[in-house]
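Below you'll find the structure, written out as structure tokens, and then a few comments.
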Amino acid sequence: KAKPYPRNLRIVCIACKDNGLFKFRIEQPLDNWSKRFSGHVRYRSIDELGATDLTWGDVFVVQRYGRPDTLHLIRALKAHGKRVIFEIDDLLTNLPDFLAHHRGSRSMQRALRESIREADYVTTTTERLASELRKINEKIWCVPNCIQTFPAKRIAHVVHKASVITLIVASSDRVFVQCLIEPLEVVQKKYNNRVKLIVIGPICATFEAAQLNFERHPILSYEEFKRLLYEQINAIGLIPLDASLFSSCKSPIKYFDYSVAQIPTICSDTPPYSDHIRNGDTGLLVPNTTSAWVDAIESLICEGGYRQKLSDAARN
């Protein structure tokens, strides 16, 4: 039996509140915790943090910040008997070349590694990522991303030859999407107005440079993203991913979101998606070649029953 605290626990979460992950990764779970256990939570950006927050909090959750001032803060908090949890959902200590813009200066990379090393605990999203971060700090808790709402089943697919099929590609970062350009050029040329393409986030720039025809959306909040998915009929989710160690440590949350919305997905045949998808049953896994992507997309454009089957199995 856990030893009770002498008073209700008080948590200060120092978070990137404008980050799309904040709501479902930080705010919703901690709000849920505070209601269930009569705890107290404050959310602050690092620039909003004040002296009263520092004296008020028992536990400080620091989300992703890898800056020298964050490291100084962690050290000061620990010196005053506070407990520090460092929350990180990506392998930011080992970035691939296409994400070099996140690397920052050497001092920032050093501060990130030292912040992870000096935290009392580190929380992260997947066991693969936890395994990598244990090389820096052994006290890792894997807290997987979860779907928190499960809406009623809907009519998501209409089996009709004249139906418009919507392809969706979404990311909150400039991730690897180049393997989709040629396949989408082939599909748009062959099916013309029968296929609609929706692109969400900074990756729009890549599709625009390729002169593809698509509906553009900025980075959406998590609620807005889910709402957009639920509005789609005859939709297919496309999730390209490179084979880097960084990408293999990612959470498959986007696959979960599509599945809950009854949207079948085609994913690159690489972790983390290959860890969760049974190819041909709960989704499609493909190598990053033009022919493989075209064949997979066409199989779902032409077979409404297959779209329904995959989406039902994934939801179940």
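The values are calculated or read from the model by the stated rules, or taken from the named source; none is laboratory data. Small disclaimer: the values here were computed from a predicted structure and weren't measured. With ideal geometry, Cβ positions are generated from the backbone for all residues, glycine too; neighbour counts draw on all protein chains shown. Side chains are part of the model used for accessible areas, which takes the heavy atoms of the whole protein and leaves out ligands, DNA and RNA. Shrake-Rupley method; radii C 1.70, N 1.55, O 1.52, S 1.80 Å.
Here's a check for you: in segment 210-220, which residue that is among the aliphatic types (A, V, I, L, M) and open to solvent by less than 50 Å² (accessible area, probe 1.4 Å) is farthest from L300 (Cα to Cα)? Steps first, please.
We begin by selecting, within segment 210-220, every residue among the aliphatic types (A, V, I, L, M); these are 210, 212, 219-220.
Filter once more, keeping what is open to solvent by less than 50 Å² (accessible area, probe 1.4 Å): 210, 212, 220.
Working: A210: 24, L212: 20, L220: 26 Å.
Ranking the candidates gives L220 first.
Take S274 and decide whether it is in a helix (DSSP H, G or I), without any contact (Cβ under 8 Å) to a residue 60 or more places away in the chain, touching a Lys or Arg at 6+ places or on another chain (Cβ under 9 Å) and open to solvent by less than 50 Å² (accessible area, probe 1.4 Å).
No.
Quick one: in segment 247-256, of everything that is open to solvent by 10 Å² or more (accessible area, probe 1.4 Å) and of a type in the set (A, V, I, L, M, F, W, C), which residue is modelled with the lowest pLDDT?
I253
Would you point out which residue out of R25, R75, R10 is within 29 Å of C146 (Cα to Cα), of a type in the set (K, R) and modelled with pLDDT of 90 or more?
Matching residue, one of R25, R75, R10: R10.
For the condition surrounded by 14 or more Cβ atoms within 10 Å (Cβ to Cβ), more than 16 Å from the chain's Cα centre (by Cα) and part of a loop (DSSP other than H, G, I, E, B), what is the one hit in I236, I155, I136?
I136
Tell me yes or no: at least one residue of segment 88-96 is in contact with a Cys (Cβ under 8 Å, 6 or more places away or on another chain) and crowded, with 19+ Cβ neighbours inside 10 Å.
Within segment 88-96, one or more residues are in contact with a Cys (Cβ under 8 Å, 6 or more places away or on another chain) and crowded, with 19+ Cβ neighbours inside 10 Å.
When the residues of segment 291-307 are filtered to those that are open to solvent by 50 Å² or more (accessible area, probe 1.4 Å) and in a helix (DSSP H, G or I), which remaining residue is farthest from Y258 (Cα to Cα)?
In this case the residue turns out to be S291.
Suppose the filter is at pLDDT 95 or above, farther than 25 Å from V164 by Cα and assigned to a helix (DSSP H, G or I); does S259 pass it?
Here the answer is no, as S259 does not meet what is asked.
Out of S247, S251, report the one residue that is touching a residue at least 24 places away in the same chain (Cβ under 8 Å), of a type in the set (G, A, S), within 26 Å of K17 (Cα to Cα) and assigned to a loop (DSSP other than H, G, I, E, B).
Going through S247, S251 in turn, the sole match is S251.
Have a look at E127, E223 and point out the one that is at pLDDT below 95 and surrounded by fewer than 17 Cβ atoms within 10 Å (Cβ to Cβ). Can you show your working first?
Values: E127 fails: at pLDDT below 95.
After applying the criteria, what remains is E223.
Taking L197 as the residue in question, decide whether it is aliphatic (A, V, I, L, M) and assigned to a helix (DSSP H, G or I).
Against the criterion (aliphatic (A, V, I, L, M) and assigned to a helix (DSSP H, G or I)), L197 does not qualify.
Please go through (1) more than 22 Å from E223 (Cα to Cα); (2) within 20 Å of the chain's Cα centre (by Cα); (3) part of a helix (DSSP H, G or I) for T52 and return the number of the only condition it doesn't satisfy.
The one condition T52 does not meet is (2).
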